[in-house]
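Participant: Got a structure for you, questions after.
The values are calculated or read from the model by the stated rules, or taken from the named source; none is laboratory data. Source: prediction; values computed, not measured. All Cβ positions, even for glycine, are placed from backbone atoms using ideal geometry, and neighbour counts span all protein chains on display.
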Amino acid sequence: MTTQREYLAEDGTPITNDMVERWAQEAEDGFPNAVLTREDDPFPSQGDMRAHTIRIPNELWKLVEAAAHAKKVSPSEYTRQALSSSLAQSGLTREQRILIYAQVHGLTHDEAINELIDKALA
């Protein structure tokens, strides 16, 4: 005899098999009723860019190319997005993030703070 495990949502709501089946079907259908939004990229891919050489294993590069193809972006754009996401989650201090934002956007420290406040209040 097997016992069925019970799962609860964060708010304590029981997760039923019907809910899981519905979510799986929505995923397979590509989330047709979903409204997707894109968060602002803290390190935008516009502006002055330079080529930089990095050394990575061939197998990792193949994965980058495959992932980029799946997202319909270039390997360079995929790599920029991955690096940006990693940096955004890297545990940098508030001050370090402000300084990076200022450098990326060619702003002074105070201008960066004002621009970030304006974006947050918009």
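Participant: Just one of (1) at pLDDT below 85; (2) β-branched (Val, Ile, Thr); (3) surrounded by 10 or more Cβ atoms within 10 Å (Cβ to Cβ) trips up Thr2, so point out which.
Facilitator: (3)
Participant: Right, another one. Give the residues of segment 66-97 that are part of a helix (DSSP H, G or I), over 29 Å from Thr53 (Cβ atoms) and not basic (Lys, Arg), sorted by residue number.
Facilitator: Glu95
Participant: If I filter segment 100-108 for residues that are exposed (fewer than 14 other Cβ atoms within 10 Å of the Cβ), outside the structural domain of Thr53 (by TED's automatic domain parsing) and either more than 19 Å from His52 (Cα to Cα) or modelled with pLDDT of 90 or more (or both), do I get at least one hit?
Facilitator: Yes; the residues of segment 100-108 include at least one that is exposed (fewer than 14 other Cβ atoms within 10 Å of the Cβ), outside the structural domain of Thr53 (by TED's automatic domain parsing) and either more than 19 Å from His52 (Cα to Cα) or modelled with pLDDT of 90 or more (or both).
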